[in-house]
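Bear in mind that the values in this text are calculations on the coordinates, not laboratory data. All figures in this text were calculated on a predicted structure; none of them were measured in a lab. Reconstructed Cβ throughout: ideal geometry from the backbone, glycine too, with neighbour counts over all protein chains shown.
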Amino acid sequence: MTHIAVLGSTNMDLVAFVEKAPQRGETVTGREFRTIPGGKGANQAVAAARAGATVSMIGAVGNDSFGARLRSTLEHSGVETDHLRTTEGSSGTAHIVVDDHGGNAIVVIPGANGTVDHLVPGDEGLIATADALLLQLEIPLAAVLAGAQAARAHGVRTILTPAPAQPLLPELLAATDLLLPNEHEAAALTGRTDPRSAALALLERVPQVVVTLGAEGSLYATRDAEPVTVPAPRVTALDTTGAGDTFAGTLAVAITEGRPMPEALAWAAAAASLSVQRAGASESMPYRPEIEARYTS
């Protein structure tokens with residue numbers, strides 16, 4: 001069983017389900033409200049654990065009721081939380097509106113995640129024991145950089161999801177093995193709206209790129225071969241929240257297990273296709289037997 005470390009955010013998702021998302025200045029009536037544990041870091045950790053890896057989470061929650069539930073949810077999914085700090089104040093929250101087409105709009109308030117601006121004693125040692133380190137951008141960049149550089153120093157593969165999209169430090173890209181943007185993030189990073197063109201531009205900064213394309217699958221690009229598009233299963237989406245994190249966590253498992261990249265991408269796409277048919281982020285993520293069944297069907 002492979003070991004994956006995740007350095008990132010934990011949020012409580014406050015989700016409103018509506019027929020149509022409100023425009024600026026508009027009020028609409030929703031049909032349901034739910035509080036669902038999430039955060040890009042925690043989501044990727046849950047996805048990887050359910051896909052069959054040993055997973056350790058590095059991050060922070062507040063000393064509020066949300067924090068206790070976030071920790072419990074991670075542990076229930078098999079994620080080790082000894083390096084998940086508890087800080088004074090509020091846990092991170094994400095305020096999400098999901099429409100009837102499965103689309104979403106999100107406002108993230110960092111809370112305790114904002115305190116994760118450096119590694120604390122023990123974090124580097126944990127990273128050094130992992131087969132891969134998953135990173136995102138919902139905690140301060142200083143900690144993301146420190147984590148990536150610690151991984152590089154110990155020969156640990158780094159997989160970075162550049163979300164929310166923002167300019168990336170050259171030092172961070174230099175310590176990144178696989179960059180995993182969606183097509184919008186790839187465009188924001190390069191100024192190129194065509195995913196293939198964006199991926200090729202990103203290869204000037206990192207050795208491997210996977211651009212996720214939603215229902216169209218993913219595009220894999222590396223410096224020594226032509227880009228390859230791997231399709232995703234056709235499904236009707238109920239809620240796309242957390243689909244990218246499901247893909248990232250599952251892909252990390254597939255890669256560290258030694259699957260060839262096209263197969264790893266197809267396996268991750270199978271997991272993401274299951275998650276979008278269910279409501280919520282972490283709650284929607286499939287377990288390994290479900291992924292295997294969808295992948296082989």
_Relative exposure of Ser273, Ser218, Ser282, Ser65, judged by other C-beta atoms within 10 Å (fewest first)_ = Ser65, Ser273, Ser218, Ser282
*asked:* Could you tell me the relative contact order of the chain? Use alpha-carbon pairs under 8 Å, at least six residues apart, and round to a whole percent.
replied: 18 percent
*Which GluC sites (Glu not before Pro) does the range 152-244 hold that lie in a coil by DSSP with at most 16 other beta carbons within 10 Å?*
Glu204
*So which GluC sites (Glu not before Pro) in the range 6-84 pass both tests, a DSSP loop state and at most 12 other Cβ atoms within 10 Å of the Cβ?*
Glu19, Glu26
*Quote the Stokes-Einstein diffusion coefficient, in whole µm² s⁻¹, for the chain, based on the Kirkwood radius over alpha carbon pairs, a temperature of 10 °C and a viscosity of 1.306 mPa s.*
84 µm²/s
*asked:* Suppose each label sits 7 Å from its Cα in the direction of the beta carbon; what would the Arg234-Glu292 distance come out to in nanometres?
replied: 2.8 nm
*At a Förster distance of 25 Å, what's the computed FRET efficiency of His184 paired with Val28, Cβ-Cβ distance as r, to 0.05?*
0.55
_Mean projected area in nm² (Cα convex hull; one quarter of hull surface) for the range 1-115_ = 7.8 nm²
_Show me the trypsin sites (Lys or Arg not before Pro) within the range 28-86 that DSSP assigns to loop and that have at most 11 other Cβ atoms within 10 Å of their Cβ._
Arg31
*Sort 263-271, 189-197 for me by packing, meaning the mean count of neighbouring Cβ atoms within 10 Å per residue, highest on top.*
263-271, 189-197
*Output ³J(HN,Hα) for the range 141-158: one whole-Hz value per residue in order, computed from phi by the Karplus curve 6.51 cos²θ - 1.76 cosθ + 1.60 with θ = phi - 60°, and x for Gly and Pro.*
4, 4, 6, 4, 5, 4, x, 4, 5, 5, 4, 4, 4, 9, x, 9, 5, 10
_How big is the dipole moment of the range 156-288 about its Cα centre under a simple scheme where the beta carbon of each Lys and Arg is +1, that of each Asp and Glu is -1, and everything else is neutral? Debye, nearest 20, please._
140 debye
_Charge dipole (the range 45-159, unit charges on Cβ, about Cα centre) - positive-most of His154, His101, Val116_ = His154
*Between Rg and the Kirkwood Rh of the range 232-282, both from Cα atoms, what is the Rg to Rh ratio?*
1.00
